[in-house]
1. Return the residues of region B:1-21 that are touching a residue at least 40 places away in the same chain (Cβ under 8 Å) and surrounded by fewer than 24 Cβ atoms within 10 Å (Cβ to Cβ); say none if nothing qualifies.
2. Given the options A:LEU222, A:LEU194, A:LEU252, A:LEU242, name the one that is of a type outside the set (Ser, Thr, Tyr), in contact with a Gly (Cβ under 9 Å, 6 or more places away or on another chain) and more than 30 Å from A:GLY112 (Cβ to Cβ).
3. In this structure, is B:THR117 closer than 17 Å to B:LYS163 by Cα and either outside any strand (DSSP E or B) or of a type outside the set (A, V, I, L, M) (or both)?
4. Residue by residue through region B:186-211, note down the ones that are more than 9 Å from chain A (Cβ to nearest Cβ) and within 21 Å of the chain's Cα centre (by Cα).
5. Can you name the condition, by its number, that A:ASP172 falls short on among (1) at pLDDT below 90; (2) touching an Asp or Glu at 6+ places or on another chain (Cβ under 7 Å); (3) charged (D, E, K, R)?
6. Output the residues belonging to region A:244-282 that are facing chain B (nearest Cβ under 8 Å) and either acidic (Asp, Glu) or under 30 Å from A:MET75 (Cα atoms) (or both).
7. For residues that are of a type in the set (A, V, I, L, M) and surrounded by 22 or more Cβ atoms within 10 Å (Cβ to Cβ), scanning just region A:245-269, find the one that is farthest from the chain's Cα centre (by Cα).
Protein chains: 2
Amino acid sequence: MERKKIAIVGVGLIGGSLALQLNEKGLAAGIIGVDNNPFHAEKARELGLVDEMMDLDAAIDNCEVIILAIPVDKMVELLPGVLDRVDQQIVFDAGSTKSQLIKAIKGHPKRGRFVATHPMWGTEYSGPQAAVKQAFENKAVVICDTQDSDKDAVDWVKHAYSKIGMHLLEMDAIAHDLHAAYVSHISHITSFALANTVLEKEKEDDAIFELASGGFESTVRLAKSNPAMWVPIFRQNRENVLDVLNEHISQLRKFKSCLEKENYEYLGELIENANKIKRILK
Amino acid sequence: MERKKIAIVGVGLIGGSLALQLNEKGLAAGIIGVDNNPFHAEKARELGLVDEMMDLDAAIDNCEVIILAIPVDKMVELLPGVLDRVDQQIVFDAGSTKSQLIKAIKGHPKRGRFVATHPMWGTEYSGPQAAVKQAFENKAVVICDTQDSDKDAVDWVKHAYSKIGMHLLEMDAIAHDLHAAYVSHISHITSFALANTVLEKEKEDDAIFELASGGFESTVRLAKSNPAMWVPIFRQNRENVLDVLNEHISQLRKFKSCLEKENYEYLGELIENANKIKRILK
């Protein structure tokens, strides 16, 4: 397929990393950035992530593909107005939740121009300076409710993600949000809570600065993640996240109960069961 | 200092990785392995981690330094007998808990020959085939209760760990076990519990195999860790681990309560507070 003129709304970690990949893989005939944060706009230009910055309306009018890579609350606010303005452009998002976004444009006359996607990649950093090359490669991208999108739009989006090196997965928005709660959202909550646990207990002691080991770093690194991104995700996926969080607390209570009752045999069984995760994490 | 003849008891992940480093950094005049698992013994020889395998008594009689790298319950059983047999050899351990081990040899006539250490490095894998080169470099090693060890023994152990590239930290066994609960042991419990949460909920669905992203992998990888190693650690450090676990559950309940009450402002504050972990994790 030929290169397309692409507008990226939100030139942060995800938008910036997508820009690098779209250029690298020969998918873009030019990239227009849109960002209401003037520091991010300036930085994105400086880093060469985008060719030029425009305001949203001008960007829509001057491109063939629009990518939304902004926090999921802003996405729900912005998408209906974007669709009001598009003609034959393809619009897709890269957000971590899907149900509310799709609901927000239900029955929109331009619904077909939109493709709902979630490329399952990210880091704990944010902003254009966090953008990295070769991001997304060998990760999964979920594409939701494709039956409601125009075929040409779905085809191009699949083509682009494949070129970037992602595995395509299709499911409906409801299923996506449920799975995302398990494989992504709960990890962030445990990490935030673990950070708070340690910060609370180690307030008066600097030893932790020296001791923090690889295992700690691994479980806690997500705790650096940006609240402006994560509060809206937890909010939109509230019921699923609460379900998983309740299950997680009850699993932690089993460990607690084993220790309290000194039931080390059952503790061993809990750990053996957890080891089955090896099937999932190669 | 001159090279020493070293016996390593337990040629698994830690013992094997230490063997590689001791050879690499010119600290060993030869390495004797001791392991009651015949498959590990065979593998350690095959991989060239050790020059020869011996039984424990022969190894003690034929070396100048004895390193114990076995699960912490076995350590407590074995160490008094090792000290009964040593003459001027230096003995040190690499275990994750310290108080009970030190208690087990309190007042032993050869107490001075023993140095209690915890090199803060590991992976979720185990066995000699898990041994890796350049392990331990740029990590911290805690050396406990040095006032009870002979000066020549402490000096050599510090020299060896420095050569390997570790940062030396001294503290008493009680403080070590408290900090270890925060920066290492709790991370393993949350990882085990998170794995069980996901395995429980995703029982009938294979989507997770495809979706598991980097963030999930990072928070859950420790769940692959070996129960034979971890049950004894949690058992020996039971009170500290319970303390931290209670605090962690109460931190998770704050997230739960925010979601239940839809208090997104406080949710944002909890995340902002967690972000302070950036000070600790560079």
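1. First pass over region B:1-21, keeping only residues touching a residue at least 40 places away in the same chain (Cβ under 8 Å): B:1, B:4-21.
B:MET1, B:LYS4, B:LYS5, B:LEU20 - these are the residues of region B:1-21 that are touching a residue at least 40 places away in the same chain (Cβ under 8 Å) and surrounded by fewer than 24 Cβ atoms within 10 Å (Cβ to Cβ).
2. Working: A:LEU194 fails: in contact with a Gly (Cβ under 9 Å, 6 or more places away or on another chain); A:LEU252 fails: in contact with a Gly (Cβ under 9 Å, 6 or more places away or on another chain); A:LEU242 fails: in contact with a Gly (Cβ under 9 Å, 6 or more places away or on another chain).
Testing whether each residue is of a type outside the set (Ser, Thr, Tyr), in contact with a Gly (Cβ under 9 Å, 6 or more places away or on another chain) and more than 30 Å from A:GLY112 (Cβ to Cβ) leaves just A:LEU222.
3. Values: closer than 17 Å to B:LYS163 by Cα: yes; either outside any strand (DSSP E or B) or of a type outside the set (A, V, I, L, M) (or both): yes.
Here the answer is yes, as B:THR117 does meet what is asked.
4. So the first thing to find is which residues in region B:186-211 are more than 9 Å from chain A (Cβ to nearest Cβ), and the list is B:203-204, B:206.
Correct list: empty.
5. Looking at each condition in turn, A:ASP172 falls short on (1).
6. Residues satisfying the conditions are A:VAL244, A:LEU245, A:ASN246, A:GLU247, A:HIS248, A:GLU260, A:GLU262, A:GLU272.
7. Going through region A:245-269, the residues of a type in the set (A, V, I, L, M) turn out to be A:245, A:249, A:252, A:259, A:267.
Now narrow it down to the ones that are surrounded by 22 or more Cβ atoms within 10 Å (Cβ to Cβ): A:245, A:252, A:267.
Details: A:LEU245: 19, A:LEU252: 27, A:LEU267: 34 Å.
By that ranking, first place goes to A:LEU267.
Yes or no, residue by residue, for (1) part of a helix (DSSP H, G or I); (2) crowded, with 18+ Cβ neighbours inside 10 Å:
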| position | (1), (2) |
| --- | --- |
| B:HIS108 | no, no |
| B:SER126 | no, yes |
| B:VAL142 | no, yes |
| B:ALA160 | yes, yes |
| B:LYS163 | yes, no |
| B:LEU178 | yes, yes |
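The values are calculated or read from the model by the stated rules, or taken from the named source; none is laboratory data. Owing to the predicted nature of the structure, the values given are computational and were not obtained by experimental measurement. Cβ: placed from backbone, ideal geometry, glycine included. Neighbour counts: every protein chain shown.
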